[in-house]
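The values are calculated or read from the model by the stated rules, or taken from the named source; none is laboratory data. For clarity, every value in this text was computed on a predicted model and none was experimentally measured. When we count neighbours, we look across all protein chains shown, and the Cβ atoms used for this are built from the backbone with ideal geometry, even at glycine. The protein model used for the area step is the full one, side chains on, heavy atoms only, and it has no ligands, DNA or RNA in it. Shrake-Rupley method; radii C 1.70, N 1.55, O 1.52, S 1.80 Å.
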Amino acid sequence: MKRYIIVLLISFSFFGYSQILKQDIPDKLVVLTFDDGCASQYTVVAPLLKLHNFNATFFMCEFPPNYKDSTKYMTWGQVKALSEMGFEVGNHTLSHAKINKITNQQYIEQVKAIEYKCDSMAIEKLESFAYPAYDLNASALEILQQLGYKYARAGGNRPYNPLEDHPFLIPSWAMKADNKDEIIDAFNQAKNGSIVVITIHGVPDIEHPWVNTPPELFKEHLQYLTDHNFKVISIKDLDDYINVNKAKQSIVPDLTKVLKK
């Protein structure tokens with residue numbers, strides 16, 4: 001009887017995992033994500049990504065109070081252009097809202113406001129979300145499920161394991177001017193079924209220097225990824241590897257594994 005139970009558990013684990021994964025996760029798989037709609041993401045980042053044949057996700061908000069300043073933030077026409085280039089546009093709430101600072105209804109309105117903006121620009125339906133400042137709670141996950149999102153990116157400074165991490169709790173590292181070695185080390189953790197996800201802000205970030213990535217450093221990181229044969233994708237591209245609905249059914253969300261900024 002004991003042997004039967006062990007075999008049953010092994011079989012359940014194997015078939016459960018095989019249902020979550022559409023195919024094996026290759027080594028050297030990296031997801032690049034960009035927050036806040038900084039102007040440099042259009043003028044600096046997008047051309048460099050195209051040069052290296054990399055994909056990425058751009059999480060949009062209208063960052064207060066200066067989002068209309070086109071020297072600091074993208075216009076919605078530029079966001080549409082990113083989408084037309086093949087990059088994914090994701091949701092970062094209307095005003096970089098933190099769910100623990102507002103009501104659930106206000107959070108829903110914040111998320112929907114970006115959806116309406118994108119719909120008015122004929123930008124492809126949004127499927128990915130990034131928690132502003134990595135601020136989240138259980139209600140945030142319920143709201144994203146209610147609104148039909150597939151994935152949500154958080155923090156945590158560790159790789160994403162699709163067999164253990166809920167799709168609404170995708171961990172990431174934040175790239176900055178002073179953590180080059182940490183990011184290189186993170187890239188090299190993309191192996192043995194784990195995916196590395198990076199959060200990036202402006203390149204440069206004029207208004208928020210504490211999350212600034214200098215263009216020359218960003219170029220170095222992209223060259224490293226190219227020279228070492230990494231595959232760089234958007235969050236939406238995870239669909240090639242993950243049955244997101246099966247993952248949501250099989251994995252219990254563990255908010256304790258995701259650290260706040």
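Residue check: residue 242 meets all listed conditions (1) more than 18 Å from residue 23 (Cβ to Cβ); (2) in contact with a helix residue (DSSP H, G or I) (Cβ under 7 Å, 6 or more places away or on another chain) but one, namely (1).
Does segment 45-56 hold any residues that are assigned to a helix (DSSP H, G or I) and open to solvent by less than 40 Å² (accessible area, probe 1.4 Å), and which are they?
So in segment 45-56, the residues assigned to a helix (DSSP H, G or I) come out as 45-52.
Matches in segment 45-56: 45, 46, 48, 49, 52.
Looking at segment 122-144, can you tell me whether even one residue there is more than 17 Å from the chain's Cα centre (by Cα), under 14 Å from residue 59 (Cα atoms) and modelled with pLDDT of 95 or more? Yes. In segment 123-158, of all residues being touching a Lys or Arg at 6+ places or on another chain (Cβ under 9 Å) and polar (S, T, N, Q), the one that is surrounded by the most Cβ atoms within 10 Å (Cβ to Cβ) corresponds to 128.
Taking segment 247-261 only, how many residues are out of contact with any strand residue (DSSP E or B) (no Cβ under 8 Å at 6 or more places or on another chain) and open to solvent by less than 50 Å² (accessible area, probe 1.4 Å)? Break it down into steps so the answer makes sense when it comes.
Our first condition is that a residue be out of contact with any strand residue (DSSP E or B) (no Cβ under 8 Å at 6 or more places or on another chain); within segment 247-261, this holds for 247-256.
From the residues that got through so far, the ones that are open to solvent by less than 50 Å² (accessible area, probe 1.4 Å) too are 247-248, 251.
Of the residues in that region, 3 qualify.
Only residues that are over 21 Å from residue 72 (Cα atoms) and either assigned to a loop (DSSP other than H, G, I, E, B) or open to solvent by 60 Å² or more (accessible area, probe 1.4 Å) (or both) were counted in segment 194-235, giving 10.
Return yes when residue 10 is open to solvent by 20 Å² or more (accessible area, probe 1.4 Å) and either farther than 19 Å from residue 151 by Cβ or at pLDDT 95 or above (or both) and no when it is not. For residue 10, the condition - open to solvent by 20 Å² or more (accessible area, probe 1.4 Å) and either farther than 19 Å from residue 151 by Cβ or at pLDDT 95 or above (or both) - is met.
Tell me yes or no: at least one residue of segment 153-166 is touching a Gly at 6+ places or on another chain (Cβ under 8 Å), over 19 Å from residue 193 (Cβ atoms), of a type in the set (A, V, I, L, M, F, W, C) and modelled with pLDDT of 95 or more. Within segment 153-166 (the criterion being touching a Gly at 6+ places or on another chain (Cβ under 8 Å), over 19 Å from residue 193 (Cβ atoms), of a type in the set (A, V, I, L, M, F, W, C) and modelled with pLDDT of 95 or more), the answer is no, since none of the residues qualifies.
Determine which member of the set 81, 152 is among the small types (Gly, Ala, Ser) and over 14 Å from the mean Cα position of the chain (by Cα).
Values: 152 fails: over 14 Å from the mean Cα position of the chain (by Cα).
None of the other options fit; the residue is 81.
Within segment 74-117, the set of residues being in contact with a Phe, Trp or Tyr (Cβ under 8 Å, 6 or more places away or on another chain), open to solvent by less than 50 Å² (accessible area, probe 1.4 Å) and in a helix (DSSP H, G or I) comprises 78, 79, 81, 82, 99, 111. Among the criteria (1) over 21 Å from residue 38 (Cβ atoms); (2) within 18 Å of the chain's Cα centre (by Cα), the one residue 172 does not fulfil is (1). So how many residues does segment 159-190 have that are in contact with a Phe, Trp or Tyr (Cβ under 8 Å, 6 or more places away or on another chain), under 19 Å from residue 21 (Cβ atoms) and open to solvent by 40 Å² or more (accessible area, probe 1.4 Å)? Selection size over segment 159-190: 1.
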